[in-house]
Amino acid sequence: MNIHHNKIRYAIIITAALLIPSCQPKQNENHTQLVVIEDALGRKVSLSANPERIVGLRPGALRLLAYMNLCDRVAGVEQVEKNGDNRPYLIAYPELLQIPFIGARGGNNELIMSVNPDVIFMTYTSVADADALEKLTGIPVVALKYPEMGLAVDKLFTSLKIIGKIMNKEERADSLAEYIRLSLNDLYHRTSSIDNVKKPTVYIGGIAHGRARNITSTHPDYPPFVFTNAKNVAVAMDRTENYSLSGTYIDIEELMIWNPDIIFIDESGLSLVNNDIRDGGAWVNHLKAIKTGRIYTLPSYNSYAVNYETALINSWFVGKTMYPDAFKDISIEEKANEILTVFLEKPIYNELVTLHSFKSLSYTKW
């Protein structure tokens, strides 16, 4: 992996992000020029150039539009966004929830048409599904990929490029992708040369699957561990059963055998894990991470798909926790505000802490 440390490039990216206008609804205008683009599913879609009114459907679609500084063009949002109190893009742009709702997850065809969008951006779809919606509504539908960040970040960059090409935001797509690359390269550089023998073993528990889960719900390819070259004990698990990219389950006996030096808990499962620890049991007294106080909470970055900025912030927190010497120049609050400013134009770390989403990064140990 090529390593680049260039603070000037970071400053340029952040400054450019701050110069983009904030979200203010625009009125629809007539368009005459048509363009044909290829979406993430390889479909050829004909639509107006630089459309003024847009809609994002299904998990992550609205978030991508916010990342691309396009919330001023959003004509309608799904009802499910009302429950997104831990989604940074809704904290940064609460006015999105004042825009007309267009139905539950996936939207309602009639309500979508009522807000008169020029284009629909849609995630988690198929060719047949996207074609059907386009035919029913008469509105161009552009399919996007919304991947897990750790193993498929290039698919995220492709989706950003597609949006950028359609919305005349190609420079924004390139600068955001470049920032992510620089940040991941920096994490890799700080951690790849650390002697593997000296690295602590780590584990993440409480990963949510539709609802809160306890300590036995984990992720063998947890992105913040991947990005920081962590010794994740869960990579030893049998992946042939009950395994998915979003996570899987283990027996508590496996965790006792692995007995990691550090345990991280996804905030979504914090209450269940706390209850289990209070109830006691052989595993509680056995795990050295609990006995030594090396158990930490991380903000959950999965809420209607991945909050990529939160996953990246978690990666820096994980790195600083595991290898303090390699991250001694890093303030998590400053790094978090840098990331939030690049992704969402606003340094809203303190607001996220106040609203509980990031409280877990405001302290270190339980």
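The values are calculated or read from the model by the stated rules, or taken from the named source; none is laboratory data. Keep in mind it's a predicted model, so treat the numbers as computed, not measured. Positions of Cβ are generated from backbone atoms using ideal geometry, with glycine treated the same way; all protein chains shown enter the neighbour counts.
Can you name the residue in region 313-339 that is in contact with a Leu (Cβ under 8 Å, 6 or more places away or on another chain) and touching a residue at least 60 places away in the same chain (Cβ under 8 Å) and is also farthest from Ile91 (Cα to Cα) among such residues?
For region 313-339, the residue satisfying everything is Gly319.
Inside region 287-311, can you point out the residues that are aliphatic (A, V, I, L, M), in contact with a Leu (Cβ under 8 Å, 6 or more places away or on another chain) and under 29 Å from Ile180 (Cβ atoms)?
First pass over region 287-311, keeping only residues aliphatic (A, V, I, L, M): 287, 289-290, 295, 298, 305-306, 311.
Of the ones still in play, those that are also in contact with a Leu (Cβ under 8 Å, 6 or more places away or on another chain) are 287, 298.
Listed by number, the list holds a single entry, Leu298.
So, Asn242, is that one modelled with pLDDT of 90 or more and more than 25 Å from Ile332 (Cα to Cα) or not? Spell out how you get there, then give the answer.
Numbers: modelled with pLDDT of 90 or more: no; more than 25 Å from Ile332 (Cα to Cα): yes.
The answer is no for Asn242.
How about region 120-200: which helices (runs of 4 or more DSSP H) wholly inside it have at least 1 residues that are not assigned by TED's automatic domain parsing to the domain that holds Gly42? Please lay out each step first, then the result.
Numbers: elements: 127-137, 153-167, 170-192.
Once the helices (runs of 4 or more DSSP H) in region 120-200 are filtered for at least 1 residues that are not assigned by TED's automatic domain parsing to the domain that holds Gly42, what remains is 170-192.
If only one of Asp154, Asp174 is at pLDDT below 95, surrounded by fewer than 20 Cβ atoms within 10 Å (Cβ to Cβ) and farther than 30 Å from Ile252 by Cα, which one is it? So that I can check it myself, show each step before the final result.
Details: Asp174 fails: at pLDDT below 95.
Unique residue meeting the criteria: Asp154.
Please go through region 13-68 and pick out each residue that is more than 19 Å from Lys135 (Cα to Cα), modelled with pLDDT of 90 or more and of a type in the set (A, V, I, L, M).
Ala61, Leu62, Leu64, Leu65, Ala66, Met68
Name the single residue, out of those in region 73-120 being surrounded by fewer than 17 Cβ atoms within 10 Å (Cβ to Cβ) and closer than 22 Å to Lys169 by Cβ, that is nearest to the chain's Cα centre (by Cα).
Checked region 73-120; the qualifying residue nearest to the chain's Cα centre (by Cα) is Glu95.
Restricting to region 54-64, count the residues that are buried (at least 20 other Cβ atoms within 10 Å of the Cβ) and either at positive phi or not in a helix (DSSP H, G or I) (or both). First the steps, then the outcome.
Restricting attention to region 54-64, the residues satisfying the condition of being buried (at least 20 other Cβ atoms within 10 Å of the Cβ) are 54-58, 60-64.
If we keep only those that are either at positive phi or not in a helix (DSSP H, G or I) (or both) too, we end up with 54-58, 60.
Here the count works out to 6.
Quick one: which residue in Asn285, Asn307, Asn314 is more than 21 Å from the chain's Cα centre (by Cα), more than 13 Å from Thr216 (Cα to Cα) and not charged (D, E, K, R)?
Working: Asn307 fails: more than 21 Å from the chain's Cα centre (by Cα); Asn314 fails: more than 21 Å from the chain's Cα centre (by Cα).
From the options Asn285, Asn307, Asn314, the qualifying one is Asn285.
Quick one: which helices (runs of 4 or more DSSP H) lie wholly within region 254-366 and hold at least 2 residues that are surrounded by fewer than 20 Cβ atoms within 10 Å (Cβ to Cβ)?
The helices (runs of 4 or more DSSP H) meeting that bar are 270-279, 282-286, 288-291, 332-344, 349-354.
Residues that are free of Cβ contacts under 8 Å to residues at least 12 places away in the same chain, within 25 Å of Pro147 (Cβ to Cβ) and surrounded by fewer than 20 Cβ atoms within 10 Å (Cβ to Cβ): does region 195-211 have at least one?
First, the residues of region 195-211 that are free of Cβ contacts under 8 Å to residues at least 12 places away in the same chain: 195, 197-198, 210-211.
So of that shortlist, the ones also within 25 Å of Pro147 (Cβ to Cβ) come out as 210-211.
Keeping just the survivors that are surrounded by fewer than 20 Cβ atoms within 10 Å (Cβ to Cβ) gives 210-211.
Among the residues of region 195-211, at least one is free of Cβ contacts under 8 Å to residues at least 12 places away in the same chain, within 25 Å of Pro147 (Cβ to Cβ) and surrounded by fewer than 20 Cβ atoms within 10 Å (Cβ to Cβ), which makes the answer yes.
Does Asn83 fit the bill of being more than 23 Å from Ala311 (Cβ to Cβ), in the same structural domain as Val35 (by TED's automatic domain parsing) and of a type in the set (S, T, N, Q)?
Values: more than 23 Å from Ala311 (Cβ to Cβ): no; in the same structural domain as Val35 (by TED's automatic domain parsing): yes; of a type in the set (S, T, N, Q): yes.
The answer is no for Asn83.
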